[in-house]
Structures are given as structure tokens and as C-alpha cells.
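To start, the structure under review is shown below, and the notes come after it.
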Amino acid sequence: MIVKNLYKNFDGVKAVYDFSLALEAGKVTSLIGPNGAGKTTVFNIVTGFLPASKGDVLFHGESIIGTAPWKIARSGISRTFQNLRLFRKLTAVENVLLGRQNQSGEQLLRALFTFSENSPEHRQNLERAMEQLSFLGLRDKRMIWRKIFRTASRSC
Ligand SMILES: Nc1ncnc2c1ncn2[C@@H]1O[C@H](COP(=O)(O)OP(=O)(O)OP(=O)(O)O)[C@@H](O)[C@H]1O
Ligand SMILES: [Mg+2]
């Protein structure tokens, strides 16, 4: 993904000023800066939640400026939010499972009639969720709720 000379003004506030970034696939890249530097505004523009004042965002060589957030998400750019809203009564692994996109249970009829905890889809999602928890060092906390909520909130 390439961010090219991005600008965002909120009336008189220059929240983002000539910001550029090139992300390489397979690498973890951090965007750091003091409070109010414009990090969240950049994320909001890249994921389609805010229009840019000027500049471009290219994904696989195509501009995604003006694309709806759900289309951007489907194309492979996903995000989390600064103020997390986890489900307190679900365990850590259940919260991660909810983030999986395009699960068949998102369609009402399939949710009512075909969902099974033994389905290949569910097992595959569970495996992926466990990989993600492991990546974050949270595998041993997979069945914890509330406590994980506090831990996750503190770390963001
Ligand atoms: N919707 C908005 N309307 C007006 N000003 C805004 C809006 N969103 C952000 N700003 C302003 O834009 C600037 C950048 O804010 P932003 O939230 O992007 O910073 P940040 O780097 O994410 O900060 P933090 O580290 O505190 O999360 C700040 O001055 C902020 O007050
Ligand atoms: Mg922020």
C-alpha cells in the first residue's frame, strides 16, 4: 500500500500535512507520533472512514480514495479502533472469532439452519483465531473474559 502526499484539514486544523508512506507486504510497520499528530486521521482516510483533503492512497496499484469502507475491508485492508469495544461476556478467542469476515453465519438463514461448531468453516476460523492470539502472546488467555478486556484496553 502506498500513501502519497496526504492532507486532511478540519476547518482550520491541519490534522495531516503532506504525509507519505509505503508499506511492504509481510512486514510489520508502526506509525508512531505524539498525541494529536494525525495517526488516527491517517487510518480513517486509508480505511475510507474520512475523505482526504488532498493526496492519494494506492492499494495493489489502484487508488482507493472515495471507496466505501466495506469495499476497502473486503479488498484486504482491515483495522481496529482506538477505543475498543470488545464483548465483555465473550472470551478472548470468541472476540477474535467475531472479527473474521464473510462467515456464513452473517447470513440470517444460514445462521439459523446451518451453523455447527463442528463445521469445517468454524474449525478453520478457530484455528486462525488461535494463530492470531498466539502471534500476540495471548494464547494461554484464550478462555478469559473481562480480564482480557482490561488488558487489551490498556495496551491501545
Ligand atoms: N473530526 C475531527 N474534527 C476536528 N478536528 C479533528 C477531528 N479528528 C481529529 N481532529 C484533530 O486532528 C488532529 C489529529 O488528530 P488524530 O486523532 O488523528 O491524532 P492521533 O495522532 O491519532 O492522536 P492520539 O495519539 O491522541 O490518538 C488533532 O488536532 C485533533 O484534535
Ligand atoms: Mg489516535
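The values are calculated or read from the model by the stated rules, or taken from the named source; none is laboratory data. The model shown is predicted, which means the values in this text are computed figures rather than measured ones. Backbone-built Cβ (ideal geometry, glycine too); neighbour counts: all protein chains shown. Each accessible area value is taken on the protein alone, full model and side chains, heavy atoms only, with ligands, DNA and RNA left out. Shrake-Rupley method; radii C 1.70, N 1.55, O 1.52, S 1.80 Å.
Checking GLY33 against (1) open to solvent by less than 70 Å² (accessible area, probe 1.4 Å); (2) away from ligand 1 (no atom under 16 Å from the Cβ); (3) modelled with pLDDT of 90 or more; (4) not β-branched (Val, Ile, Thr), which single condition isn't satisfied?
Here GLY33 clears every test but (2).
How many residues are part of a loop (DSSP other than H, G, I, E, B) and either within 13 Å of ligand 2 (Cβ to nearest atom) or surrounded by fewer than 14 Cβ atoms within 10 Å (Cβ to Cβ) (or both) when one looks only at region 62-78?
So the answer is 4.
With (1) in a loop (DSSP other than H, G, I, E, B); (2) among the hydrophobic types (A, V, I, L, M, F, W, C); (3) at pLDDT 80 or above; (4) open to solvent by less than 90 Å² (accessible area, probe 1.4 Å) as the list, and PHE81 as the residue in question, which single condition is left unmet?
(4)
Inspect all residues belonging to region 58-71 and state whether any of them is more than 16 Å from ligand 1 (Cβ to nearest atom), modelled with pLDDT of 95 or more, within 13 Å of the chain's Cα centre (by Cα) and β-branched (Val, Ile, Thr).
There is no residue in region 58-71 that is more than 16 Å from ligand 1 (Cβ to nearest atom), modelled with pLDDT of 95 or more, within 13 Å of the chain's Cα centre (by Cα) and β-branched (Val, Ile, Thr).
Being at pLDDT 95 or above, part of a helix (DSSP H, G or I) and in contact with a helix residue (DSSP H, G or I) (Cβ under 9 Å, 6 or more places away or on another chain): is that true of ILE45 here?
No, not satisfied.
In region 36-50, what residues are among the small types (Gly, Ala, Ser) and open to solvent by 50 Å² or more (accessible area, probe 1.4 Å)?
GLY36, ALA37
For region 51-61, check the following and say yes or no: at least one residue is free of Cβ contacts under 8 Å to residues at least 24 places away in the same chain, under 27 Å from LYS14 (Cα atoms) and open to solvent by 80 Å² or more (accessible area, probe 1.4 Å).
Looking for residues that are free of Cβ contacts under 8 Å to residues at least 24 places away in the same chain, under 27 Å from LYS14 (Cα atoms) and open to solvent by 80 Å² or more (accessible area, probe 1.4 Å), one finds at least one in region 51-61, hence yes.
Of everything in region 107-122 that's among the hydrophobic types (A, V, I, L, M, F, W, C) and open to solvent by 100 Å² or more (accessible area, probe 1.4 Å), which residue is modelled with the lowest pLDDT?
For region 107-122, the residue satisfying everything is PHE115.
With the requirement that a residue be open to solvent by less than 60 Å² (accessible area, probe 1.4 Å) and away from ligand 1 (no atom under 13 Å from the Cβ), what does region 1-30 give you?
MET1, VAL3, LEU21 - these are the residues of region 1-30 that are open to solvent by less than 60 Å² (accessible area, probe 1.4 Å) and away from ligand 1 (no atom under 13 Å from the Cβ).
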